[in-house]
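The values are calculated or read from the model by the stated rules, or taken from the named source; none is laboratory data. Just so you know, these numbers come straight off a predicted model, no measurement behind them. Every residue, glycine among them, receives a Cβ derived from its backbone with ideal geometry; neighbour counts consider all protein chains shown. Calculation scope for accessible area: heavy atoms of the full protein, side chains included, ligands and nucleic acids excluded. Shrake-Rupley method; radii C 1.70, N 1.55, O 1.52, S 1.80 Å.
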Amino acid sequence: MSSIRTATIALMTATTLSGAAMAQTADDGKLKIGLMFTLSGPAAVLGEQGRDGFLLAVEKMGGRLGGLETEITTVDDELKPDIAANKARELVERDDVDFVVGPIFSNILMAINKPVTDGGAFLISPNAGTSNFAGAECNKNFFVTSYQNDQVHEVLGKYAQDKGYKRLFLLAPNYQAGKDSLAGFKHSYKGEVVNEIYTPLGQLDFSAELAQIAAEQPDAVFTFMPGGMGVNLVKQYRQAGLDNIPFLSAFTVDETTLPAQQDAAVGFYGGANWAPDMDNEQSKAFVAAYEEKYGSVPGTYAMQAYDAAQLIDSAVKAAGKLDDKDALRSALEAADFQSLRGDFKLGNNHYPIQDFYLVKVAKRDDGKYQTQIAEKIFDDYQDNYAAECKMQ
């Protein structure tokens, strides 16, 4: 199938294995991983960052995760849940993968969670993190290296609350992540919501919504519009002359959209668990390596996928055997690796406990655009659904 690409990553650096490690490799054979990202259509840039971030980590580890030869099958979910579910079954049943890493979008996560975890593989999400799987529907074979969907949006809600904004206009696409987005914002923001609009997923013309914003004249706008939706909204927002109304967002002005938005996004705020100017050595090395290899600035999509590879690597090393699912699960829960974002551990629901930041768009001296940390909003923050998780 043209949408499926299988690549066996060759050993790129000489590796000296102890007798125990050699035995492990001989006993367990090849580690098989399926990557499922959106790699076509307007949202492809998000999936490409996730794929590239993961593959960069594997390359940096010499082509072997957990010391094992690693075979990676990359699948385009096409942003279509039914197609994604079928491809997830193929990865597990036909390709016999040990891990599926993905997806970007929450509607795809909802479609593939059961086929992957019921099929006997571990599902590691490097982006999508819906509320149901964080709470009552948590799953022992599902892990997240990003966040619970609400949390990044809560950053902007708390910021708006602290700034004393009294009247907010809310805008998001009509799917699970959009609903989680506005719910997360309102968890931290207690002022008046003058309007709350859900648009069709993939909408690119926001003239009607911008006219409503102009008419309402809110203290600020909060929006979640990923990918091409965010590109168009930001440009149209500037063109509509709404610069006097603060623009707060999540996944709308980030490293996947900034190359197209450019100056139109400068000064706009977002929320994140990391930014390319994060001040630690691991993160600096990652940003430099990513820019050198791919020629673009990495965003959270790439960072979280890089960490997903590190999580798998640490778990396979610690468990010692791929067929010992209980040992692998315990090792995944331990998350014994150094995250690029610094503070990181997994909660009882397998979602991260981590710091969150207000970030602001800036133009660098080299002409590229990136988000930069403005202030820390939450410290070691766990999502609001973890108490509902009764892991079986």
Which numbered condition in (1) β-branched (Val, Ile, Thr); (2) closer than 24 Å to residue 385 by Cβ; (3) buried (at least 24 other Cβ atoms within 10 Å of the Cβ) is the only one that residue 70 fails? (2)
Condition check for residue 368: more than 27 Å from residue 250 (Cβ to Cβ) and more than 19 Å from the chain's Cα centre (by Cα): no
Just to verify a result, which residue in the stretch 257-271, among those that are part of a loop (DSSP other than H, G, I, E, B) and at pLDDT 95 or above, is most open to solvent (accessible area, probe 1.4 Å)? 266
If you go through the stretch 235-256 one residue at a time, do you hit one that is over 19 Å from residue 155 (Cβ atoms), free of Cβ contacts under 8 Å to residues at least 60 places away in the same chain, open to solvent by less than 20 Å² (accessible area, probe 1.4 Å) and assigned to a helix (DSSP H, G or I)? yes
Residue count, the stretch 342-354, condition within 20 Å of residue 271 (Cα to Cα) and open to solvent by 10 Å² or more (accessible area, probe 1.4 Å), comes to 5
Of all residues in the stretch 279-289, how many are among the hydrophobic types (A, V, I, L, M, F, W, C) and open to solvent by less than 20 Å² (accessible area, probe 1.4 Å)? 3
I'd like the residue in the stretch 85-96 that is of a type in the set (A, V, I, L, M, F, W, C) and over 20 Å from the mean Cα position of the chain (by Cα) and, out of all such residues, is surrounded by the most Cβ atoms within 10 Å (Cβ to Cβ). 91
Looking at 297, 361, 316, which is the one that is open to solvent by less than 50 Å² (accessible area, probe 1.4 Å) and either of a type in the set (Phe, Trp, Tyr) or in a strand (DSSP E or B) (or both)? 361
Of all residues in the stretch 197-230 being of a type outside the set (S, T, N, Q) and part of a strand (DSSP E or B), the one that is surrounded by the fewest Cβ atoms within 10 Å (Cβ to Cβ): 198
Quick one: would you say residue 310 is under 20 Å from the mean Cα position of the chain (by Cα) and open to solvent by 50 Å² or more (accessible area, probe 1.4 Å)? no
Checking residue 277 against (1) in contact with a helix residue (DSSP H, G or I) (Cβ under 8 Å, 6 or more places away or on another chain); (2) within 15 Å of residue 300 (Cβ to Cβ), the condition it does not meet: (1)
When the residues of the stretch 374-392 are narrowed to those that are surrounded by fewer than 18 Cβ atoms within 10 Å (Cβ to Cβ) and in contact with a Gly (Cβ under 6 Å, 6 or more places away or on another chain), which ends up nearest to residue 358 (Cα to Cα)? 386
